[in-house]
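Single-structure report; data block below.
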Amino acid sequence: MARVAKPKPQKSLEQTLWEAADKLRGNQEPSEYKHVVLGLVFLKYISDRFEERRSALEGELVAEGIKPERLASFLEDRDEYTSHNVFWVPELARWGYIQSVAKQSEIGQQIDQAMDLIEKENPSLRGVLPRNYGRDGLDKRRLGELVDVIGSIGFTATDDHGADDVLGRVYEYFLGQFAGKETGKDAGAFYTPRSVVKTLVEMLEPYKGRVYDPAAGSGGMFVQSAEFVRAHGGKRTDISVYGQEFTDTTWKLAKMNLALRGIEADLGPRSDDSFTADLHPDLRADFVIANPPFNVSDWWDAKLADDPRWKYGTPPQGNANFAWVQHFIYHLSPKGAAGFVLANGSLSSKSSGEGEIRRKLVEAELVDCIVAMPDKLFFNTGIPVSLWFVSKDRHGNGHRERRGEVLFIDARKLGTMESRRLRVLTDDDIAQIAGTYHAWREHDGDYEDVRGFVKAASLEEIANHDFVLTPGRYVGATEAEVDSEPIDEKIERLTKELYSEFERGRELETEVRRRLGALRS
């Protein structure tokens, strides 16, 4: 009987585009090529939004009885676009024109010109868009083919609710793929995996207010927060977004990523260091969501010695972890809450005063919840990490009073391996973690400790553990499943299975010898 071939799984739009774009990379390093690709994705996005508005405007003008010969001048009225929050795209920067010259040798210069024209016409994008498409090292034939690939992104009302969602998904997917392709200590530093971001956002629930990320990367925390608000019936304008990013190229990625989704954000006038050049010194945020770089050793500056942010102790000069924690807390409003990622060493380290800072944070009733995460969640490091949640107002703030206790969740056994080196948390995993936290935090949440997974520990218990906050110390070991099979029967069954495997091994050896003999004869 003929074996029926299984149908191959359908590739998503993102996968198809990525494979096509990656084939065109040639000798370009991923760290360089990502700006080439993501710049084109952004150019396609703003051009599509422009053409969408242009089409709608033409329909309005025709309905108003404007004569055909006067249509052109109205359609080129800049205010008709900017008043609808659409970037003005000059004619030589529109995708139709770029596509028409894609096969010409000067395509690189044409794209550079397009970026220049867009920045001149749209002040919010000044200094943000990538250039250097005309450089000698960039293969112009491949660049033209890349224009064709990006141009194939569909833009219709049926493409997942419109261009910003389609292109937003593509942009997000490409960011993740580039993070996985890069090598070295900075690989993936611009991108926090989506499942980690989603866990932070689902636990914090930033429905409304000021959201701040002083280690913003390419803006993933803001994107997920806006998606959360929209998924729960709110509007993107329900949250105000503030951020800061140290690396200039990453700051530009964030500006593009947020503009592409229609998220207005104050990321400061430039990239800069959050410790020595805090661009939002007076901000008091309702939510801080962040994934700062782990264990940074070269962060200190002498002028930080008496900084008001170090309320719970001056952080060690050789490790920025507790500098970040106190920076987050300093920028919280009196009712604010923060969720952030830290290396696991921060849970137990006692070197250079870190243990004392951690003790003071707990005694100040700031630490709300600690989640131990599975390994292999990040592109750039195998360092085990945890999620910290701190809250300024734990006697209520819309939730039940939680003073005198901290919730510990051990989620190390959750997650699914997406590849040999990367694990992701599924939506069910995230729901389990967030649901447990909410059950503990909310009034009538029906919370119970679960041995091996979650424990609400008292401050007395934490003090007995010398303020070490490793969840495994509190949740205990998972109870072993009851094995009802009698020991004699189990030994007999396992012995038979073992002998069966021996027999199978001998059969395979005989078959291999037979085939090798046939090859020699």
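The values are calculated or read from the model by the stated rules, or taken from the named source; none is laboratory data. Nothing here was measured: the structure is a model prediction, and the numbers come from that model. With ideal geometry, Cβ positions are generated from the backbone for all residues, glycine too; neighbour counts draw on all protein chains shown. Each accessible area value is taken on the protein alone, full model and side chains, heavy atoms only, with ligands, DNA and RNA left out. Shrake-Rupley method; radii C 1.70, N 1.55, O 1.52, S 1.80 Å.
Quick notes on this one:
- For GluC sites (Glu not before Pro), the sites in segment 386-462 that DSSP calls loop and that have at most 15 other Cβ atoms within 10 Å are Glu401, Glu418, Glu442, Glu448.
- Centroid-to-centroid separation of segment 275-315 and segment 325-352 [C-alpha atoms, Å]: 10
- In the context of the full set of protein chains, segment 295-431 has a per residue accessible area of 41 Å² (1.4 Å probe).
- DSSP bridge orientation in the chain - percent antiparallel, rounded to nearest 5: 55
- Projecting the Cα atoms of Val101, Val62, Ile111 onto the charge dipole of segment 52-115, computed from C-beta unit charges around the Cα centre, puts Val101 farthest toward the positive end.
- For segment 30-101, convex hull of alpha carbons as volume per residue, Å³: 93
- Extension gain, Ser152 back to Ala463 (0.36 nm per residue minus Cα-Cα distance, nm): 106.0 nm
- Hits among aspartates and glutamates - C-alpha to C-alpha of Lys335 under 15 Å, sequence gap 8 or more where chains match: Glu205, Asp286, Glu365, Asp368, Asp393, Glu401
- For the set Lys198/Lys311; Lys23/Lys120; Lys44/Lys252, the pairs lying more than 26 angstrom apart at their alpha carbons are Lys198/Lys311; Lys23/Lys120.
- Straightening the chain between Gln99 and Arg513 buys 143.0 nm, computed as 0.36 nm per residue apart minus the Cα-Cα spacing.
- Peptides 108-117, 355-364, 301-310 ranked from most to least packed by the mean count of surrounding Cβ atoms within 10 Å: 108-117, 355-364, 301-310.
- Carbon-plus-sulfur accessible fraction, segment 357-462 (probe radius 1.4 Å, protein heavy atoms only): 45%.
- Hits among aspartates and glutamates - C-alpha to C-alpha of Lys376 under 18 Å, sequence gap 8 or more where chains match: Glu182, Asp186, Asp410, Glu418, Asp427, Asp429
- Across the options Gly137, His443, Thr426, the greatest Cα extent toward the positive end of the charge dipole of the chain (unit charges at beta carbon of Lys, Arg, Asp, Glu) belongs to Gly137.
- Surface accessible to a 1.4 Å probe, Thr436 within the full protein complex, Å²: 20
- Sequence of Ile46, Ile383 when ordered by accessible area, the most exposed leading, probe 1.4 angstrom: Ile383, Ile46
- Residue-span extension gain [Glu492 to Asn295] - 0.36 nm each, minus C-alpha spacing: 65.6 nm
- The shape of the chain can be summarised by an equivalent ellipsoid whose semi-axes, obtained from the alpha carbon gyration tensor, come to 44, 37, 23 Å from longest to shortest.
- Estimated [θ] at 222 nm from DSSP helical runs (n ≥ 4, -39500 (n - 2.57)) normalised by residues in the chain, nearest 500: -13500 deg cm²/dmol
- Ranked by the mean number of other Cβ atoms within 10 Å per residue, highest first, peptides 207-213, 14-20, 466-472, 78-84 order as 207-213, 466-472, 14-20, 78-84.
- For Tyr447, net neighbour charge (Lys/Arg +1, Asp/Glu -1) across residues whose Cβ lies under 10 Å away: -3
- Residue-count net charge about Gly59 - beta-carbon cut-off 12 Å; Lys, Arg +1, Asp, Glu -1: -2
- Other residues lying with their Cβ under 12 Å from the Cβ of Trp300 contribute a combined charge of -3, Lys and Arg counting +1, Asp and Glu -1.
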